[in-house]
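Below: the structure, in structure tokens.
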2 protein chains.
Amino acid sequence: MLEDTTRKEISDLGEFGLIAHLTENLPLNNKSSVLGVGDDAAVLGENKKKTLVSTDILVEGVHFDLSFHPLKHLGYKAAAVNISDICAMNATPTQIVVSLAFSNRFSLQAIDELYDGIKLATEAYGVDIVGGDISSSRSGLVISITAIGEANDSEIVYRKGAKNNDLLCVSGDLSGAYLGLQLLEREKQVFLANPDMQPDLEGHDYVLQRQLKPEARLDIVKELKKAGVKPTSMIDISDGLSSEVLHLSNASKVGFTLYETKIPIDPTAINLAEEFNLDPLTCALNGGEDYELLFTIPQADYEKIAAIDSISVIGHATEDIINKVITKNDNSFELKAQGWQHGAE
Amino acid sequence: MLEDTTRKEISDLGEFGLIAHLTENLPLNNKSSVLGVGDDAAVLGENKKKTLVSTDILVEGVHFDLSFHPLKHLGYKAAAVNISDICAMNATPTQIVVSLAFSNRFSLQAIDELYDGIKLATEAYGVDIVGGDISSSRSGLVISITAIGEANDSEIVYRKGAKNNDLLCVSGDLSGAYLGLQLLEREKQVFLANPDMQPDLEGHDYVLQRQLKPEARLDIVKELKKAGVKPTSMIDISDGLSSEVLHLSNASKVGFTLYETKIPIDPTAINLAEEFNLDPLTCALNGGEDYELLFTIPQADYEKIAAIDSISVIGHATEDIINKVITKNDNSFELKAQGWQHGAE
């Protein structure tokens, strides 16, 4: 039998396909490995008190553009998005370790700015920086952060766990981060075409902040605890509402019906979407980087969350494993997995 | 007063200087943050059983050269060097999370090879892969691994803790990894000058393996435990014996006197050093990447470790904080910190 030696392209698999391929049948041999790959964070520990671990790698030219991401904001964001993964397990973030690789294009002042942003985020979330590594790189900046958190076993919320008829909730509002990025990229092109032009960012503070300085919703985790609500499933919105709904659906073996009119989008984001001839709903579904929490609760808990600011009920779980959006015109369309193009995220 | 806006170069500080600068006065606010930056791993947890965390970032063109580092070996090495940091705390490695960034130059088969190497290492050390991240990059491969381990509070060994008159010990032998790298780089140059020449690597298996597939000395951690010996201080040798001795000295506030004749170097490494007109002792002191354990024990424990294969006593701690080597000719020289050139490690 001849071996197939044709070069296989990673783009044929997509990001989630590649992760599934690499991590298929990974054994968990240690008693302290409670949960491995497949949720927002790993769950470790033999006692009631568990340790949560999550990691992200951010690469210049892929995840950020230093021509419009200020280094201090970038540091803040890099820490916040990792901390967000711990929040998405209904856990308390406690520590991070920070690895940086950068070329000699970066001065000491530049690295100080970046690190100051990371420190600001750790102060904001009550997290300690406890380690890291530093390396040179041949080109560009890479930031790799691992976030650690803690929670009692009984408090942890996984992607699995949503039940038929549960309410689907989201914190804050969606699409802002994506539209902020569109705006920054448009103004960059204007500037490149004519360096005398000043970027026209006025009146767009909100979407810019959503893109440049997103927050982990640790406040929502605390509010839910205070209200006595433990979500039945939860995830954070890094890749867009559509993708995260599908993750909850896959893990929980339920479907979700969402209502367009219930999906929270800031008015300034709607205006900007129209300026770009984009459908605000599409931006919310596929835009990503809002780092809001998407979670399900039993219907019985509705009254308890109704009092919490900035939580919207946007749909409910169904026995049929079909994920769909009911539009404002009472039409409906199915949510499908988005392909991931290697080199294009 | 005018602000000094002159660009400050990172190379003026060096790696350790930069880390010290960035992490100066980092607060530890969480009760579970027992030890932060400054040892081989952070120590976390409020109970007797502690969690150890260490992270390393490996960058193509800086830490490895894919023209002679096979991807499978590279994966093994990337995992082993992180696991080595957990061993250096006298702890048991239990989990790793793995982040990869790579350009579209890499095929699926290439990433599979790399990941297979990582998996091999996790099997060898009884460690579980519990998470990670995958990203594209504009150029080259970046591997960022965070290793997690566990130990009872009373078992953990720090860099601090060496006492006057303690014996300084090292596992295995030194300089092999560095000489293996010299050999691979020489043969690469020969090949680049004349692609018809085949690399001449015969008879150099040992040093090649030391460079391409180093091992974390978890076996030594276990042997010491079995022998009832808890080192008073410990570190792993990633940057060279000299640098690590200085770390133990700084942390423990003692000096060390080393004896050239006691420093273990494999005969094939000595021969190869002579072929390169290099002093084998210098290779051991400054070469790095051997990932052996350097540790101190009370003199009273000497008999207990004498029976363990592959542990050498190479010197002792002194009250005077001077670090020196007594040469085979009974001369002596002081160990000084090596500068780190950003972009040249």
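Specify the residue that is surrounded by the fewest Cβ atoms within 10 Å (Cβ to Cβ); the eligible residues are those in the range A:107-135 that are under 22 Å from B:A147 (Cβ atoms) and within 7 Å of chain B (Cβ to nearest Cβ).
Looking at the filtered set, the residue picked out is A:I134.
Give all pairs with beta carbons closer than 9 Å in which a residue from the range B:6-22 that is closer than 15 Å to B:V62 by Cβ meets a residue that is surrounded by fewer than 17 Cβ atoms within 10 Å (Cβ to Cβ) and modelled with pLDDT of 85 or more; count only pairs at least 6 apart in sequence or on separate chains.
B:I10/A:N104; B:I10/A:S107; B:I10/B:G17; B:S11/A:N104
Which of the strands (runs of 3 or more DSSP E) found entirely inside the range B:1-64 contain at least 2 residues meeting this: under 20 Å from the mean Cα position of the chain (by Cα) and either among the small types (G, A, S) or at pLDDT 85 or above (or both)? Outline the logic, then answer.
Details: elements: B:33-35, B:42-44, B:49-59.
Here the list reads B:42-44, B:49-59.
Return only the number of the condition from (1) within 30 Å of B:D219 (Cβ to Cβ); (2) of a type in the set (G, A, S); (3) more than 8 Å from every other protein chain (Cβ to nearest Cβ) that B:G17 does not satisfy.
Single failed check for B:G17: (1).
Just give me the residues in the range A:136-154 being assigned to a loop (DSSP other than H, G, I, E, B) and more than 9 Å from chain B (Cβ to nearest Cβ), in sequence order. I'd like the intermediate steps shown before the answer.
Initial filter on the range A:136-154 (assigned to a loop (DSSP other than H, G, I, E, B)): A:137-141.
The answer is A:L141, and nothing else.
Being assigned to a helix (DSSP H, G or I) and surrounded by fewer than 16 Cβ atoms within 10 Å (Cβ to Cβ) is the filter here, so list the residues in the range A:271-283 that pass it.
Scanning the range A:271-283 gives A:N271, A:E274, A:E275, A:T282.
Quick check: is even one residue across the range A:264-282 in contact with a Leu (Cβ under 8 Å, 6 or more places away or on another chain), closer than 30 Å to A:I156 by Cβ and either without any contact (Cβ under 8 Å) to a residue 24 or more places away in the chain or not polar (S, T, N, Q) (or both)?
There is at least one residue in the range A:264-282 that is in contact with a Leu (Cβ under 8 Å, 6 or more places away or on another chain), closer than 30 Å to A:I156 by Cβ and either without any contact (Cβ under 8 Å) to a residue 24 or more places away in the chain or not polar (S, T, N, Q) (or both).
Given the criteria part of a loop (DSSP other than H, G, I, E, B), of a type in the set (A, V, I, L, M) and surrounded by 14 or more Cβ atoms within 10 Å (Cβ to Cβ), does A:I265 qualify?
Criteria met by A:I265.
Looking only at the range B:155-180, which residues are part of a helix (DSSP H, G or I) and either surrounded by 23 or more Cβ atoms within 10 Å (Cβ to Cβ) or at pLDDT below 95 (or both)?
Listed by number, the residues that qualify are B:G176, B:A177, B:Y178, B:L179, B:G180.
Identify the single condition in (1) within 20 Å of A:V142 (Cα to Cα); (2) surrounded by fewer than 20 Cβ atoms within 10 Å (Cβ to Cβ) that B:I57 does not satisfy, given that it satisfies every other one.
It fails just one condition, (2).
Just checking, which of A:D65, A:D40, A:D56 is of a type in the set (D, E) and facing another protein chain (nearest Cβ under 7 Å)?
A:D56
The values are calculated or read from the model by the stated rules, or taken from the named source; none is laboratory data. Bear in mind the structure is a predicted one, so any value in this text is a computation, not a measurement. Positions of Cβ are backbone-derived with ideal geometry, glycine not excepted, and every protein chain shown enters the neighbour counts.
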